[in-house]
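Since the structure comes first, as structure tokens, the remarks are kept for the end.
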Amino acid sequence: MPVDFDSILFLSFGGPDKPDDVRPFLENVTRGRGVPPERLDEVAQHYLHFGGVSPINELNLAMIDSIRAELSSRAIDLPVFFGNRNWHPMVEDTIARMHDAGHRRVLVFPTSAWGGYSGCAQYHEDIGRALASLGERAADMVLRKLPQYWHHALFGEAAGDAVRRAAASLSGDFEPRLVFTAHSIPDAADRNSGPPGDEWTRTGLPASDDGGRLYSSQVLAASQRAATAAGFSDFDQVWQSRSGPPQIPWLEPDIVDHLEVIAAQGIRSVIVSPIGFVSDHLEVVWDLDNEAREKAAELGLEYVRADTVGTDRRFISMAVDLIEQYRSGELPAGVPLGVADNGMYCVGGTCCRAAVRRPHAVG
């Protein structure tokens, strides 16, 4: 049945606003996961290195302002609210404010393009937890998560243009190697995240034969789109932000290790694009602007990091295109993966197959 949506929830990860927020924030991120205190102390230092403030907060507010402006330019009268999983404004508080303001039919835009647990299922859990916090008042609400958008042409164009800008900043003395990064996850979680073949069919992409590795297959396909948009015929796919016990295999190679490999191949210039992130998390600036940049300097590599898509006009246009498509409540044929109401897992369940375990600790 069609649903006349009356508002938008911009749902993100969250991050500390000041040094005193860092430890409580990390405890929220890792609650129930058995992460040892010494690991939290180590990661806290990453945040404190940047003044205890995550860049994601300001960038999310800028994205929300851009979405509001794009909605206004299309004469779409939908207010946009901001909620987070791990820090203020917490999604539970935001949903309560939305309910008090009379909003009952909500489209949810997640700041993740991907399937799997952390990229998709956990956003459904955020929605379900927020509704549960309302108790009986939630009975008249519908919150529909918008679909995954890793395959969207405008996402690829925005990421590709960021690569072109990065390439233009290089000296031009050496042929650059293009390297895409995304958040690593345990290898077992990737294997269990669902078969990509069905999703490839739904998105009109060529069938994949990569077993059950839905997440890494999505990242690879998005990287290919961005590389093509940037005019590159070749690229490397690597990973970052690994955490957890060292005996548990995660997706490899790590970006820092890979820089050593390409330097040994005689490469002298590298462009790194964080395709797996839509805005600069602390993990992006720590792993890429700090550790990877230092390693590149040590190796004598000319190094440039491409921007995340953030407020790129094409990415914002993509977000509002999705909002327009779903505001009537009429789902297209096949129901793209990632779409479900009120905290239920995706239709068919494949993109949320890894929801039985939580693959990330802290990075």
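FYI, it's all coordinate maths here, none of it is from the lab. All figures in this text were calculated on a predicted structure; none of them were measured in a lab. Glycine also receives a Cβ, built like all others from the backbone with ideal geometry; neighbour counts cover every protein chain displayed.
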Scoring only Lys, Arg, Asp and Glu (+1, +1, -1, -1) among other residues with Cβ under 15 Å from the Cβ of Asp161 yields +3
For the chain, the dipole about the Cα centre with charges only on Cβ (Lys and Arg +1, Asp and Glu -1), to the nearest 20 debye, works out at 700
Length gained if Ser233 through Leu170 is fully extended, taking 0.36 nm per residue and subtracting the Cα-Cα distance, is 20.8 nm
Footprinting proxy, Tyr123, Tyr47, Tyr345: sorted fewest to most Cβ within 10 Å, the residues are Tyr345, Tyr47, Tyr123
Taking the square root of 5λ for each eigenvalue of the C-alpha gyration tensor of segment 153-305, the equivalent ellipsoid has semi-axes, largest first and in whole angstrom, of 26, 20, 13
Label model pair Glu291, His88: point-to-point distance (7 angstrom along the Cα→beta-carbon line) in nm is 3.0
Scoring the chain by relative contact order with C-alpha pairs under 8 Å, at least six apart, yields a percentage of 27
Rounded to the nearest 5, the percent of antiparallel DSSP beta bridges in the chain equals 10
Row for segment 238-280, column shape: gyration tensor on C-alpha, a ≥ b ≥ c, rounded if a/c < 1.5 i.e. under 1.5, prolate if a/b over b/c, else oblate; value oblate
Expressed to two decimals, the chain has a Cα Rg over Rh, using the Kirkwood radius, of 0.95
Between the modelled labels at Ala69 and Arg33 (7 Å from Cα along Cα→Cβ) the distance in nm is 3.4
Taking the chain and counting helices only, DSSP H stretches of n ≥ 4 at -39,500 (n - 2.57) each over all residues, the nearest-500 ellipticity at 222 nm comes to -12500 deg cm²/dmol
Most exposed first, judged by fewest Cβ atoms within 10 angstrom, Leu170, Leu282 run Leu170, Leu282
Nearest-0.05 FRET efficiency for Ala264 and Lys18 at R0 = 51 Å, using Cβ-Cβ distance, is 0.75
With +1 on the Cβ of every Lys and Arg and -1 on the Cβ of every Asp and Glu, the dipole magnitude of segment 250-340 about its Cα centre, in debye rounded to the nearest 20, is 380
Computed about the Cα centre, the charge dipole of segment 153-305 from +1 Lys/Arg and -1 Asp/Glu charges at the Cβ has a magnitude in debye, to the nearest 20, of 300
Quick note on Cys346, Cys120, ordering by fewest other C-beta atoms within 10 Å, gives Cys346, Cys120
